[in-house]
1. For a quick check of your reading of the model, give me the residue pairs whose first member lies in the range 68-94 and is within 30 Å of GLY107 (Cα to Cα) and of a type outside the set (Ser, Thr, Tyr), whose second is open to solvent by 90 Å² or more (accessible area, probe 1.4 Å) and in a strand (DSSP E or B), with beta-carbon atoms closer than 9 Å and at least 6 apart or on different chains.
2. Among the residues of the range 124-136 satisfying the criterion of being part of a loop (DSSP other than H, G, I, E, B) and loosely packed, with under 12 Cβ neighbours inside 10 Å, which is modelled with the highest pLDDT?
3. Anything in the range 77-93 that is assigned to a strand (DSSP E or B) and of a type in the set (A, V, I, L, M, F, W, C)? List them, or say none.
4. If TYR34 passes every condition in (1) under 23 Å from ALA136 (Cα atoms); (2) at pLDDT 65 or above; (3) open to solvent by 40 Å² or more (accessible area, probe 1.4 Å) but one, which one does it miss?
5. Hey, among the residues in the range 91-123 that are small (Gly, Ala, Ser) and within 23 Å of GLY58 (Cβ to Cβ), which one's surrounded by the fewest Cβ atoms within 10 Å (Cβ to Cβ)?
6. Which ones in the range 52-61 are within 8 Å of the chain's Cα centre (by Cα) and either among the aliphatic types (A, V, I, L, M) or more than 12 Å from VAL134 (Cβ to Cβ) (or both)?
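The values are calculated or read from the model by the stated rules, or taken from the named source; none is laboratory data. This is a predicted model, so every value here is computed, not measured. Using ideal geometry, Cβ is built from the backbone for each residue, glycine included, and neighbour counts are taken over all protein chains shown. In case anyone asks, the SASA skips ligands and DNA or RNA and just uses the protein heavy atoms, side chains included. Shrake-Rupley method; radii C 1.70, N 1.55, O 1.52, S 1.80 Å.
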Amino acid sequence: STRRFRLVLYSLAIPMTRGVLALFAHAAADLGAYNVIWTDLLPESNNIWTNSMPIGNGDAAANVWADNTTGSVSLLLSKQDAWSEDAELRKLGLVTVSFDPNPFVQGASFRQELVLAEATVKFTIGDLVVSTYVDA
């Protein structure tokens with residue numbers, strides 16, 4: 001009878017798992033309504049954090065931003081266990097990708113989007129499309 005009981009629990013778990021997966025798929029589809037979209041950059045060139053968006057996977061993370069003065073996209077990297085002796089979460093490195101020629105030409109369209117369902121930040125600058133993500 002113990003074997004039979006386990007089979008019953010197993011057969012009940014399958015439809016419940018499908019339902020939970022369907023719920024997550026539906027929730028992920030709805031996330032698109034909450035994506036953060038910017039179509040211009042704030043002019044505070046001395047404060048890059050103003051134009052930064054966060055991405056991460058729970059272990060590794062980055063702040064991502066575009067710099068229209070240099071024609072670059074930068075990622076400031078961090079990790080959830082990189083604490084200082086003063087209990088401050090430290091940034092571990094800066095990666096900057098520069099484009100030549102500068103894609104921020106006069107009149108070029110700009111779009112920066114935090115895509116929640118994909119955990120990415122996507123930049124569209126004129127014809128250039130750059131997607132950033134964290135994979136640890």
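1. LEU75/LEU94; LEU76/LYS91; LEU76/LEU92; LEU76/LEU94
2. ASP127
3. Once the filter is applied, which keeps residues that are assigned to a strand (DSSP E or B) and of a type in the set (A, V, I, L, M, F, W, C), the range 77-93 yields LEU77, ALA82, TRP83, LEU89, LEU92.
4. (1)
5. Applying the filter and picking the extreme gives GLY93.
6. Passing the criteria: MET53, ILE55.
Residue-by-condition table, conditions (1) closer than 16 Å to LEU116 by Cβ; (2) open to solvent by less than 70 Å² (accessible area, probe 1.4 Å); (3) among the basic types (Lys, Arg); (4) modelled with pLDDT of 85 or more:
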residue	(1), (2), (3), (4)
PRO43	no, no, no, no
ASN47	no, yes, no, no
PRO54	yes, no, no, yes
VAL64	yes, yes, no, yes
LEU76	no, yes, no, yes
